[in-house]
1. So B:Val482 clears everything in (1) without any contact (Cβ under 8 Å) to a residue 40 or more places away in the chain; (2) surrounded by 18 or more Cβ atoms within 10 Å (Cβ to Cβ); (3) among the β-branched types (Val, Ile, Thr) except one condition, right? Which one?
2. Under 7 Å by Cβ, and 6 or more places apart or on different chains, what pairs join a residue from the range B:99-122 that is facing chain A (nearest Cβ under 8 Å) with one that is hydroxyl-bearing (Ser, Thr, Tyr) and surrounded by fewer than 23 Cβ atoms within 10 Å (Cβ to Cβ)?
3. Restricted to the range A:212-224, and to residues that are among the hydroxyl-bearing types (Ser, Thr, Tyr) and more than 18 Å from B:Val109 (Cα to Cα), which residue is farthest from the other protein chains (Cβ to nearest Cβ)?
4. Filter the range A:144-175 down to residues that are charged (D, E, K, R) and in contact (Cβ under 8 Å) with a residue 40 or more places away in the chain and give me whichever is surrounded by the fewest Cβ atoms within 10 Å (Cβ to Cβ).
5. Kindly state which helices (runs of 4 or more DSSP H) lie completely within the range A:213-321 and contain at least 1 residues that are in the same structural domain as A:Val47 (by TED's automatic domain parsing).
6. For the range B:204-228, what are the residues that are polar (S, T, N, Q), modelled with pLDDT of 85 or more and in contact with a Ser or Thr (Cβ under 8 Å, 6 or more places away or on another chain)?
7. Name the pairs: first residue in the range B:68-85 and closer than 18 Å to B:Pro160 by Cα, second residue part of a helix (DSSP H, G or I) and of a type in the set (Phe, Trp, Tyr), Cβ to Cβ under 6 Å, at least 6 apart or on different chains?
Amino acid sequence: MKTKKTISALMIAGLLTATPALAEEKPVLTVYTYDSFASEWGPGPAVEKGFEASCGCDLKYVTAGDGAALLSRVMMEGTHGKADVVLGLDMNLMAQARNTGLFAEHPKIDAEYTLPIAWEDPVFVPFDWGYFAFVYDKTKVKDVPTDFKALAASPLKIIIEDPRSSTPGLGLLMWVKSAYGDGAAQVWKDLADNIVTVTPGWSEAYGLFLKGESDMVLSYTTSPAYHLIAEQDDSKAAAPFTEGHYLQVEVAAKMAGAQQSDLADSFLTYLTSSDVQAVIPETNWMYPAITPAAGLPTGFGTLITPDKALVFPPAEAKKVRDEALSEWLSALGR
Amino acid sequence: MAERARPLSLGAAAGWLATAGLLLLTVGTTAAVLVRAGAAPRPGPGDWAAVQFTALQAAASALISAALAVPVSRALVRRIFPGRGALITLMGAPFLLPGLVAVIGILEVFGRAGWISRAIAPLGLAPLQIYGPAGIILAHVFFNLPLAVRLILQGWHDIPAERFRLAASLGFGPRDVARLLEWPMLRTTLPGTILTIFLICLTSFVVALTLGGGPRATTVELAIYQAFRFEFDPARAAMLGAVQFALCLCATLATMRFAAGAGFGAGLDRPIRIIVAQAAGARIHDVAILLMVTAFLSAPLLAVVLAGLPYLFDMPASLALAALRSLIMAVASSALALGIALALAHVALRAGPAGKLAEVTGMLSLSASPLVMGTGLFLLLRPLIDPTAVALPATVAVNAAMAVPFVLRILLPGLREIQAGYGRLSDSLGVTGWPRLRLVTLPRLRRPLGFAAGLAAALAMGDLGVIALFGDPDRATLPLEVFRLMGAYRTNVAAAGAVVLLVLSFTLFWICDRWGRNART
């Protein structure tokens, strides 16, 4: 009886606390990433398995909500953090991250990036990318707007994310600003009556859209691929906009204070390998930074491919977004 | 009242320890963020607008919920009907839902594509436009009306049955009953009820923004998010967290001026049967109110269940483990919250500044920003231990702290009555300490204890807050798994996960609450 109690107490303790690694002699590479990357449905498990097969190490993820939360945590920890690699920042966060001086240059990586823009950065290694877009249901929306002005003039209802709490929300802010410059405020004023609501994050917005609360939702051009490949549902599509689409490039970098500097270097190289790149499309539902030799999964061929990629250089991003945010706030009625 | 000088009793020591612990978790964590960040900026005009909006929506939600709860609880006390117990238990359910799940349930009913909009579409009517202040208040009332009903119901049960008999034998009319029994009871119960709901709505974030329809509905909590992750300015976040505490402090102090014991005196702990005179039509009035409230509360719950049910068998095995983990954590949080609250109540029942400090501290965690508290705790723990390794114990502690205000609010009125009714007798008989707790206090407190334990457990079960900040991907709780599923496009499976979450929280709540309601009084 007593033994039983002890055993169950131990089991409970095991459930609640981290168990020390069994093979303690193995070095541990700590990768900070956003939650959905490391989750069961993200690329995390496959990347971990693949890297551990060759590195003779133990890869351990530590997660934060998303890219911005990740940077916030790294800045909070300063030089006392345990991170060797931070994975999941984007171009809007790059300048801020660089200025902290907490990140180190990456090793020479021999990769032919297939990004829509030229990439040369001593610190940040891109691992995937995507375009923001409005996603809709083809069976319900027949008159698909081809730019922001047409969307604003249409009776269509949209759900967007708040730029202050969400990455896609910030992406949309930058998208309108890069397409319209000084005219962005007017575009937002015209869009005001199309916006059903503004949600804290992508999950809420997309969930409400699937429930039928709006005709369109701000997401990615790659979102329809999920429905097509995982659900055999071809009813979702992204609307191509003639202004071009705003680009999001997701990057990883090594910490200057990394305890496992060599392992971190080889992990960054591994990220650009075809092993990882082939996993990205159907787990992160983004485009891989380097198209694998075998090509993209079939469903990806049906996606819209914008002619024009809009993006602010990282160094300008901070100034632009502060200005764009105050325009957004006043246009949407505060 | 002259107090004899005596050594610090065990109860008082525990009370002070609980006060100190809670202060560390709330004010201490905010200070930790501030110390790490350096000088705090002053609030700007945008911040004051957020404060104003936050306070206004919280006040409106609290007043409306409480005003509606009075007739509902009266109807529940006056009418005996089959299913009454079930209805009172159902009253616990909305409150226990994670915000996101509740929002989806509400929108399934009241949204643009919801049941009502679809039902009126054939009549040529436009879909309901719920987004805006009305949406926020509707959602907050959905969340908090049941809590208000239960808190006021508790007040009814604290009136000794003898008073009702006396009223009946004296031939009281409905007005006399209202003036001499109901009003004094409401005077004790309502301020605390309104305060609690006000504080809950103060930190509302997902609900306020999503149903508020845009940046017009910017709350202080959203401004904290912005400070942390848009501006990378933790000092601003801590400053805003402190503003939230200040709001809480003002509201709590203001409420304490009104709260006073009703002074019904002690009774013989007989069950209540209210057999007093009622106005003509009272029966129809009560039935109508109960029917409307039942429909209002159960429709979104039903929507959540219907949405998830078809996908129950698509759930990954990892959800079962997450559910087990959440259950253990919920029970642990509940036990801890009860212990802290009882210890705190020991001090809070005293007259004077010590009692006030304990009571205010007990409410403080309700207005703590989860984001600031989590970050501060992270900063405090980091020099001592790897925060990721203690993610779950830390979450248990934070969840317990978050539940203390509710537990305290539920226990205090009853404790005050017990103190007033039996305190002097017990003192004169020398019944103190543990025997007093066991023989005098706990048996009379069983009903609120059960309710409080259930509430604390279920709240912990549904909490998403702090665990996500500590970042251990291998030890997710059920709400976090549901949120992850939503983030990975798996909306349907997430809906099924939400049903499991709802059923588990509700079962925990039901078990504890039933134990309490089987009490003699």
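1. Unmet condition: (1).
2. So the pair list comes out as B:Gly111/B:Ser117.
3. Taking the range A:212-224 and keeping what is among the hydroxyl-bearing types (Ser, Thr, Tyr), we get A:214, A:219-223.
Subsequent filtering for residues that are more than 18 Å from B:Val109 (Cα to Cα) retains A:219-223.
On the way: A:Ser219: 10, A:Tyr220: 11, A:Thr221: 14, A:Thr222: 11, A:Ser223: 8 Å.
Per the stated criteria, the residue is A:Thr221.
4. Result: A:Asp147.
5. Details: elements: A:223-231, A:261-271, A:274-283.
Answer list for the range A:213-321: A:261-271, A:274-283.
6. Initially, the range B:204-228 is screened for residues polar (S, T, N, Q), giving B:204, B:210, B:218-219, B:226.
Restricting the remaining residues to those that are modelled with pLDDT of 85 or more gives B:210, B:218-219, B:226.
Answer for the range B:204-228, where residues must be polar (S, T, N, Q), modelled with pLDDT of 85 or more and in contact with a Ser or Thr (Cβ under 8 Å, 6 or more places away or on another chain): B:Thr210, B:Thr219, B:Gln226.
7. B:Val77/B:Trp156
The rows are residues; the columns are (1) surrounded by 20 or more Cβ atoms within 10 Å (Cβ to Cβ); (2) within 20 Å of the chain's Cα centre (by Cα).
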{"site": "B:Ile159", "(1), (2)": "yes, no"}
{"site": "B:Leu166", "(1), (2)": "no, no"}
{"site": "B:Arg175", "(1), (2)": "no, no"}
{"site": "B:Trp183", "(1), (2)": "no, no"}
{"site": "B:Ile194", "(1), (2)": "yes, yes"}
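The values are calculated or read from the model by the stated rules, or taken from the named source; none is laboratory data. All of these numbers come straight from a predicted model, not from anything done at the bench. Positions of Cβ are generated from backbone atoms using ideal geometry, with glycine treated the same way; all protein chains shown enter the neighbour counts.
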